[in-house]
Amino acid sequence: MIRPHFLRPWDDAPAILLSCPGPLRRQHAAVLPIAQLALPQCLLGSEAQLLAFVAAQPELATRLFFLPLPEIFGAPASMAALAAACGTEGAGRLVHLRFGGTRSARVLKEARNALVLAEHHRAPPITASRHPFASGLVVPPTIRRILSLQPGQAIPTVLGGHRPQVTVLKGDVAAADLLGPKLPEGDGLDLVSLAEFRTNAWAAGPLRQASTHMQAARDAAAKDRAPFVLVPWNLDDFGSAVPALVARTLRLQRQDQPAVRLVIMPFNYPGQTGLIRRLIRQLRQSIENPAAVLPQLFLGRLTSLAALPGLRRLARVAWVDGNDPEHDWTMRRLDAAGFAPVLLAAGDPPRPGTIQIAADDQLTIAAETRFGLLHYHAQLPSLRSLRALLPLTREMAREKRSAAARARRKA
């Protein structure tokens, strides 16, 4: 049997167990064969990284299982039940791969644990609590290996001081599930305005009701040619500048004549933080006429790649927060999915070929988190940079749509 290079130290693993953060209500069992797995965000974040990893390792499919909550297993009886559910004789040689950021790391007791990491903490918090995992640069001691989704990451230390073994995953995992056989176009695009947002409905999985505000927004966009633009928002990045970016963009453009329409794309959503509700409260307090504005601001996510064409018809350009520790992977993912990502560049020089605009305004973000109060330096496009970004976005959207129309005619 051909084994992936990253499995060579664990060549005897009878089953490989995958997990990532997210609302527990989305799954119906404590152990799922990977073929039964459905995750509510398959475009961005740790859920998309897990699904792309699975697509990149087809030879492992029969040995892959998903654990919504790996830490519940530990007692001998529960480990025996886990082994039986995976069709193995014992639990001692199991491998657990945890997707998601360092602060969301979880381990499976009695298994061999690794963290599959896409984030790069270029700028840890300027002040942090005494919690051992508050900085984002430390992981639990039983995580012995890091599987890196991108070279050049800042590798965290293991609690206790030593550095884990690091293996860079070969190939472009960011595009693995996007380059396979095309799915028939179908449902799987969740869109809801901020005026319609309900936490329970969002956390439970794919939305059952379509937005009552989206069609009116599409009709208005067709008349004034103000394109929709995607704004990825990493909810596990406590220093995210996205809420401030949304508020600043709204202040810059007229409500009755917008230059762009925003579709915020939350990912790495644990379902317990209330960050989306907090954004809505902040906007209600900071913008004029929120009753008219919030129905025109949307949250979006992709619950099935079958809906990717529908998302591309809605928006072709994305603004990516350069403060986000996952922004490199997000840029590659969006590019592979057929979007034109624009990096709001903060800090390190971006990779060659990246379209960027300067995030040239400094701000300090205070975040009350499960690790205590954290403070971050962040960078946001100034009003001057945003004014340059708006016409650039409109031009890029026109070019993308024209290229897509030419491709359809050739086909």
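What do you reckon, is Ala226 assigned to a loop (DSSP other than H, G, I, E, B) and within 22 Å of Thr393 (Cα to Cα)?
Values: assigned to a loop (DSSP other than H, G, I, E, B): yes; within 22 Å of Thr393 (Cα to Cα): yes.
Yes: the conditions hold for Ala226.
Can you tell me which residues in the stretch 249-281 are among the aliphatic types (A, V, I, L, M) and farther than 19 Å from Pro227 by Cβ? Write out each step before concluding.
Here is the first cut: in the stretch 249-281, the residues among the aliphatic types (A, V, I, L, M) are 250, 252, 259-260, 262-265, 275-276, 279-280.
The answer is Leu275, Ile276, Leu279, Ile280.
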Per the list (1) among the acidic types (Asp, Glu); (2) out of contact with any helix residue (DSSP H, G or I) (no Cβ under 7 Å at 6 or more places or on another chain); (3) surrounded by 18 or more Cβ atoms within 10 Å (Cβ to Cβ), residue check on Glu71 breaks on (3)
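Within the stretch 162-182, identify whether any single residue is closer than 29 Å to Pro290 by Cα, modelled with pLDDT of 90 or more and outside any loop (DSSP other than H, G, I, E, B), and answer yes or no.
no
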Flag for Arg112 being modelled with pLDDT under 85 and of a type in the set (D, E, K, R): no
In the set Gly239, Gly274, the lone residue that is over 23 Å from Ser211 (Cβ atoms) and either modelled with pLDDT under 90 or surrounded by fewer than 22 Cβ atoms within 10 Å (Cβ to Cβ) (or both) is Gly239
Of the conditions (1) buried (at least 21 other Cβ atoms within 10 Å of the Cβ); (2) more than 19 Å from the chain's Cα centre (by Cα); (3) farther than 30 Å from Pro33 by Cβ, the single one that Gly136 does not satisfy is (2)
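Just a yes or no: is a residue in the stretch 51-63 of a type in the set (Val, Ile, Thr) and either surrounded by 23 or more Cβ atoms within 10 Å (Cβ to Cβ) or closer than 24 Å to Thr330 by Cα (or both)? Show your work before the answer.
Looking only at the stretch 51-63, we keep the residues that are of a type in the set (Val, Ile, Thr), and these are 54, 62.
Applying the additional criterion that residues be either surrounded by 23 or more Cβ atoms within 10 Å (Cβ to Cβ) or closer than 24 Å to Thr330 by Cα (or both) yields 54.
Yes, the conditions are met somewhere in the stretch 51-63.
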Restricting the stretch 1-33 to residues that are under 18 Å from Asn113 (Cα atoms) and part of a helix (DSSP H, G or I), the one modelled with the highest pLDDT turns out to be Trp10
Inside the stretch 187-209, the number of residues satisfying the requirement of being more than 19 Å from the chain's Cα centre (by Cα) and closer than 15 Å to Leu314 by Cα is 2
When the stretch 292-318 is checked residue by residue, the ones that are small (Gly, Ala, Ser) and in contact (Cβ under 8 Å) with a residue 60 or more places away in the chain are Gly300, Ser304, Ala306, Ala307, Gly310, Ala315, Ala318
Subset of the stretch 189-230, residues at pLDDT 90 or above and more than 17 Å from Pro295 (Cβ to Cβ), comes to Leu189, Pro227, Val229, Leu230
Of the residues in the stretch 228-272, those that are within 16 Å of the chain's Cα centre (by Cα) and charged (D, E, K, R) come to Asp236, Asp237
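The values are calculated or read from the model by the stated rules, or taken from the named source; none is laboratory data. Fair warning: this is a prediction, and the values are worked out from it, not measured in the lab. Cβ: placed from backbone, ideal geometry, glycine included. Neighbour counts: every protein chain shown.
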